[in-house]
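**Student:** For reference, the structure I am asking about is given below.
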Amino acid sequence: MSVHAIEEIVKKLDEAFGHSDLEAVLGFYEDDAILVAEPDRLARGKEEIERFFMHVFALRGRVEQIETNVLEAGGGIALFTSRWRFIGTMSDGTPIEKESIATSVFRKGRDGLWRMAIDNSHGPAILTKASA
C-alpha cells in the first residue's frame, strides 16, 4: 500500500517537532487552524498555536506515529487518523509518556500543499469537553 502525501507531511511535522523548530511546525498549519491543546481547551490561529508549542517544546519530547490512516475526499479535504505516542521529560527530569488517538483535518491549499485546519491529538477525549 502506498504512503499518502499527508502521512509524509506528518512525518516531517514530527521531525520538526522533535527539533523544537517552531517556524517549521507552524508551517504545517493553516493561518486560522484550530488545535485541541487539552480536551477542554482550544488554540485558535497561529498565535495561540505558537504559544501552545512553546509550552510543549519545554518537555523536550518527540512524537512517533504508531499507526496512521488517511481518507481523502474531493475538493482537497482529508481526514488523518493516527495512534501516536509522545515521549518527553518534565522540567524536574521526570519522564513523561502519552499515547492517544488523533483525528486531524487537512486542506490542500492553492499552492498544492496540505496543511492542518483542525488538529485534535486527543481524539475522543474531546467528546464531552471542547466545543468549536
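The values are calculated or read from the model by the stated rules, or taken from the named source; none is laboratory data. Note that the structure is predicted; figures quoted are calculated from it, not measured. Cβ coordinates were reconstructed from backbone atoms using ideal geometry, including for glycine residues, and neighbour counts include every protein chain displayed. With ligands, DNA and RNA removed, areas are computed over all heavy atoms of the protein, side chains included. Shrake-Rupley method; radii C 1.70, N 1.55, O 1.52, S 1.80 Å.
**Student:** In segment 114-132, what residues are outside any strand (DSSP E or B) and either at pLDDT 95 or above or open to solvent by less than 40 Å² (accessible area, probe 1.4 Å) (or both)?
**Tutor:** Within segment 114-132, the first condition is being outside any strand (DSSP E or B), and the residues that meet it are 121-132.
Selection gives SER121, HIS122, GLY123, ALA130.
Residues checked against (1) assigned to a helix (DSSP H, G or I); (2) within 17 Å of ASN120 (Cα to Cα); (3) modelled with pLDDT of 95 or more:
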| position | (1), (2), (3) |
| --- | --- |
| ALA16 | yes, no, yes |
| GLU30 | no, yes, yes |
| GLN65 | no, yes, yes |
| PHE80 | no, yes, yes |
| ARG85 | no, yes, yes |
| SER91 | no, no, no |
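**Student:** When you go through (1) over 19 Å from PRO39 (Cα atoms); (2) open to solvent by less than 30 Å² (accessible area, probe 1.4 Å); (3) not aliphatic (A, V, I, L, M) one by one for ASP111, which number turns out not to apply?
**Tutor:** It is condition (2) that ASP111 fails.
**Student:** Scan segment 34-46 and report the pairs whose first residue is within 17 Å of LYS98 (Cβ to Cβ) and free of Cβ contacts under 8 Å to residues at least 40 places away in the same chain and whose second residue is open to solvent by less than 60 Å² (accessible area, probe 1.4 Å) and in a helix (DSSP H, G or I), with Cβ atoms within less than 9 Å and a gap of 6+ or a chain change.
**Tutor:** Partner pairs satisfying both residue conditions: ALA37/ILE49; ALA37/PHE52; ALA37/VAL56.
**Student:** Quick check on this structure: which one of GLU97, GLU72 is acidic (Asp, Glu) and under 19 Å from ALA125 (Cβ atoms)?
**Tutor:** Working: GLU72 fails: under 19 Å from ALA125 (Cβ atoms).
Exactly one of GLU97, GLU72 is acidic (Asp, Glu) and under 19 Å from ALA125 (Cβ atoms), namely GLU97.
**Student:** Related question: Please go through segment 7-26 and pick out each residue that is touching a helix residue (DSSP H, G or I) at 6+ places or on another chain (Cβ under 8 Å), touching a residue at least 24 places away in the same chain (Cβ under 8 Å) and closer than 22 Å to GLY109 by Cβ.
**Tutor:** Once the filter is applied, which keeps residues that are touching a helix residue (DSSP H, G or I) at 6+ places or on another chain (Cβ under 8 Å), touching a residue at least 24 places away in the same chain (Cβ under 8 Å) and closer than 22 Å to GLY109 by Cβ, segment 7-26 yields PHE17, LEU22, VAL25, LEU26.
**Student:** Working only within segment 62-103, note down all residues that are open to solvent by less than 40 Å² (accessible area, probe 1.4 Å), free of Cβ contacts under 8 Å to residues at least 40 places away in the same chain and small (Gly, Ala, Ser).
**Tutor:** GLY76, GLY88, SER100, ALA102
**Student:** Now for a different question. For segment 32-46, enumerate the residues that are of a type in the set (D, E, K, R) and either assigned to a strand (DSSP E or B) or closer than 17 Å to TRP84 by Cβ (or both).
**Tutor:** Here is the first cut: in segment 32-46, the residues of a type in the set (D, E, K, R) are 32, 38, 40-41, 44, 46.
Those that are of a type in the set (D, E, K, R) and either assigned to a strand (DSSP E or B) or closer than 17 Å to TRP84 by Cβ (or both): ASP32, GLU38, ARG41, ARG44.
**Student:** If I filter segment 47-56 for residues that are open to solvent by 20 Å² or more (accessible area, probe 1.4 Å), among the aromatic types (Phe, Trp, Tyr) and assigned to a helix (DSSP H, G or I), do I get at least one hit?
**Tutor:** Looking for residues that are open to solvent by 20 Å² or more (accessible area, probe 1.4 Å), among the aromatic types (Phe, Trp, Tyr) and assigned to a helix (DSSP H, G or I), one finds at least one in segment 47-56, hence yes.
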